[in-house]
């Protein structure tokens, strides 16, 4: 069972809806934002939905580098090392065309947790900062 994010003003939910169509720019911003929150002692979850579910696949970040930022691979490594939580929209991962679920079976990151929308809604509230990329 995944631990709930505390609703004490110390939580951030980053919602990432964008895949590779912008060459990883929004993913880089989302994970850099998440790492900053974690470094400041916040409880941070990144929720991947729609095309953003592609980032739940192992090695999907390889070769993504946006000017002025570290490579996306570095942010993901830091995110997990600092205790960030990666939530993935289960229906999107299966039906939204981000990737072929059957072809990707076994290739999801071990840190990824498939969840339904109700899980995300239940974990956000007036004390949770939510940022969407």
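Any read-out appearing in this document is the output of simple, stated calculations on the displayed coordinates, not a laboratory observation. Owing to the predicted nature of the structure, the values given are computational and were not obtained by experimental measurement. Counting neighbours? That spans all protein chains shown, and the Cβs are built from the backbone with ideal geometry, glycine included.
Radius of gyration over Kirkwood radius for segment 11-132, both on Cα atoms: the Rg/Rh ratio is 0.94.
For segment 11-132, averaging the sequence separation of C-alpha pairs within contact (under 8 Å, six or more residues apart) and dividing by the residue count gives a relative contact order of 33 percent. Here the spin labels are modelled as points 7 Å beyond Cα on the Cα-Cβ line, and at residue 20 and residue 132 they lie 2.5 nm apart. Run the paramagnetic zone check for residue 40: 7 angstrom along Cα to Cβ, then residues of segment 46-79 with backbone nitrogen under 18 Å. Under cut-off, by backbone N: 46-47, 79.
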